[in-house]
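The values are calculated or read from the model by the stated rules, or taken from the named source; none is laboratory data. In this text the structure is predicted, and so the values were computed from the model without any measurement. Virtual Cβ from ideal backbone geometry, glycine too; neighbours counted across all protein chains shown.
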Amino acid sequence: MTCIVADDEIQSLVAQVLGLSELPAVDLSRSEIPQWDSLKHVEIVFALEDRYNVQFDEAEFAGLTTVAVIAASLRAHLAA
Amino acid sequence: MTPDDAAFIAGLRARAARFINLGAVTAAAQREWIAHYLDRAGDYYFIVERPGSGGAAQPEGTVALYQVDATTRTAEWGRFVLEPGSPAAIEATLLTYRCAFDTLALDGLVCRTLAENAQVVAFHDSCGLVRTPLPVTILHNGEPRPSIEHRLLRSGWPDVERRLEGLALRLAKRTPGAARAMSP
């Protein structure tokens, strides 16, 4: 079974963890969102893992720099 | 940290130059700085290392506790620089605080961050540190710059430790060798 993850699901998750009042644009870089610090980044990854029952390698963490990249990586994990 | 770390530190600081003082920019100058540092009391400078295969460790950053005051039982923490993309911030911070509160038995820590270094300011907020309400200025390469000061007192340490430890232990499970080092 293929699970399709919509970008707005990831936008909502990221906004919730970061405490943002608006959804971040899918291509907005992490470096452009001050609240997206190192601790929050880990919390975002763990929230994704818990919600979608996947596990990201530590080497993947640094590359998860936008909602669009996160969504693509998540889809790849779910399709594997 | 030893004089043999000079080349790594000089390279690391060059790679992360935007928000830190230039200081000793070459390995030779860094080695000389370290030689003076080793004679300084109340200053603990650490290399953040990633466990490697066969017991080898890879340097990944630096962190320090300095200006340790035995009378007030306080210190500053800083010189916190990690390789770009390193996921070690949480674990390095947890270990630094453990050293401060558990090993050195300090009662409080202070850190000052350039205000424009917004993600590091946010990191300290996220860890649970408390901002000093008054404006703070620090010298950055000789120029006074607006900064944010955070404090962590012993009374706040248990909550911060729980928060960091929960994340650090989950991170450590995916790093061979790290889980043992992080386990309480």
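Looking across region B:157-177, just one residue is touching a strand residue (DSSP E or B) at 6+ places or on another chain (Cβ under 8 Å) and within 9 Å of chain A (Cβ to nearest Cβ), and that is B:175.
Taking the criterion of being at pLDDT 95 or above and closer than 28 Å to residue B:170 by Cβ, the residues of region B:65-88 that qualify are B:65, B:77. Taken as a whole, the structure leaves residue A:57 outside the set of residues that are of a type in the set (D, E, K, R) and away from chain B (no Cβ under 14 Å). Among the residues making up region B:139-158, those that are under 17 Å from the mean Cα position of the chain (by Cα) and either more than 21 Å from residue B:20 (Cα to Cα) or aliphatic (A, V, I, L, M) (or both) are B:148, B:152, B:153, B:157. When residues in region B:107-130 are screened for being outside any helix (DSSP H, G or I), facing chain A (nearest Cβ under 10 Å) and small (Gly, Ala, Ser), 1 of them pass. Could you list all residues from region B:69-95 that are within 14 Å of the chain's Cα centre (by Cα) and away from chain A (no Cβ under 14 Å)? Within region B:69-95, B:75, B:76, B:77, B:78, B:79, B:95 qualify.
Write out, first by first residue and then by second, each pair whose Cβ atoms fall under 6 Å of each other, whose residues are 6+ apart or on separate chains, and whose first residue, in region B:88-116, is charged (D, E, K, R) while the second is surrounded by fewer than 20 Cβ atoms within 10 Å (Cβ to Cβ) and assigned to a helix (DSSP H, G or I). Here the result reads B:107/B:154, each pair linking region B:88-116 to a residue that is surrounded by fewer than 20 Cβ atoms within 10 Å (Cβ to Cβ) and assigned to a helix (DSSP H, G or I). If you go through region B:19-52 and keep only what is of a type in the set (Phe, Trp, Tyr) and either exposed (fewer than 12 other Cβ atoms within 10 Å of the Cβ) or in a strand (DSSP E or B) (or both), you end up with B:44, B:45, B:46. Within region A:48-77, residues that are in contact (Cβ under 8 Å) with a residue 40 or more places away in the chain and within 18 Å of residue A:32 (Cβ to Cβ) reach partners that are of a type in the set (A, V, I, L, M, F, W, C) and not in a loop (DSSP other than H, G, I, E, B) with beta carbons closer than 8 Å, at six or more positions or on different chains, in the pairs A:67/A:10; A:67/A:14; A:70/A:10; A:70/A:14; A:70/A:44; A:70/A:48; A:71/A:10.
A single entry from A:26, A:5 fulfils the requirement of being away from every other protein chain (no Cβ under 14 Å) and over 27 Å from residue B:83 (Cα atoms): A:5.
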